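Below is one structure, written out as structure tokens, with a few remarks after it.
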Amino acid sequence: MSVTTRFGSSVKRNITRFGKGIIYKHNITSGYDPDTGTTDNSYTLYPKAFKTEVSQSEAKSPNLVGKEITAFLISGVELDFLPKTGDEITYTNLKVMDFNLDWEAAEFWNGLPTESVFKVRVLAVKEYWAGEEVAMYRLLCAAI
């Protein structure tokens, strides 16, 4: 197993183990679907993410002063989309294990107190490469 593979696998394993389930709304531009009569402009995924601290330089950035900002790490291994600015993340500060529901189910999110559910918009995406693949993404976000 190469160093690249081990690094990517380690990132995925640790985020899966220690991260929390989030709702990731990935904004896309797509064409008109004649079968449904609609135009899709987003789709929702349920990856695990690890919430991390924001650096002082990020917090003091002129365009972020006064905004509530946060950052998330998500594994790039086997991710079927490329995170980008404008995407949205919904997360909770509660322990998922306190509830006997699947975090991918709407019932889980609908049953949470509104003051413990947060929505943020991705402002910046930083890639961490391992050889030829992105092992991890760091997403800088601001409250919506």
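The values are calculated or read from the model by the stated rules, or taken from the named source; none is laboratory data. On a predicted model such as this, the values are computed, not experimentally measured, just so you know. Backbone-built Cβ (ideal geometry, glycine too); neighbour counts: all protein chains shown.
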(Q) Report every pair of residues separated by at least 6 positions or lying on different chains whose Cβ atoms are under 6 Å apart, first residue within the range 98-119 and closer than 20 Å to Y24 by Cβ, second modelled with pLDDT of 75 or more and of a type in the set (G, A, S). (A) W103/G21
Q.
Suppose we keep only residues that are at pLDDT below 90 and under 18 Å from H26 (Cα atoms) within the range 59-79. Which one would you say is surrounded by the most Cβ atoms within 10 Å (Cβ to Cβ)?
A. V77
Q: Quick one: D40 ticks every box in (1) at pLDDT below 90; (2) loosely packed, with under 12 Cβ neighbours inside 10 Å; (3) among the acidic types (D, E) except a single one, so which number is it?
A: (2)
Q. Does the range 63-80 hold any residues that are in contact with a Phe, Trp or Tyr (Cβ under 6 Å, 6 or more places away or on another chain), over 14 Å from E133 (Cα atoms) and in a loop (DSSP other than H, G, I, E, B), and which are they?
A. none
Q: Quick one: in the range 6-30, of everything that is in a loop (DSSP other than H, G, I, E, B) and in contact with a strand residue (DSSP E or B) (Cβ under 7 Å, 6 or more places away or on another chain), which residue is modelled with the lowest pLDDT?
A: S30
Q) Looking at the range 80-96, which of the residues that are crowded, with 17+ Cβ neighbours inside 10 Å and of a type outside the set (S, T, Y) is nearest to the chain's Cα centre (by Cα)? A) I89
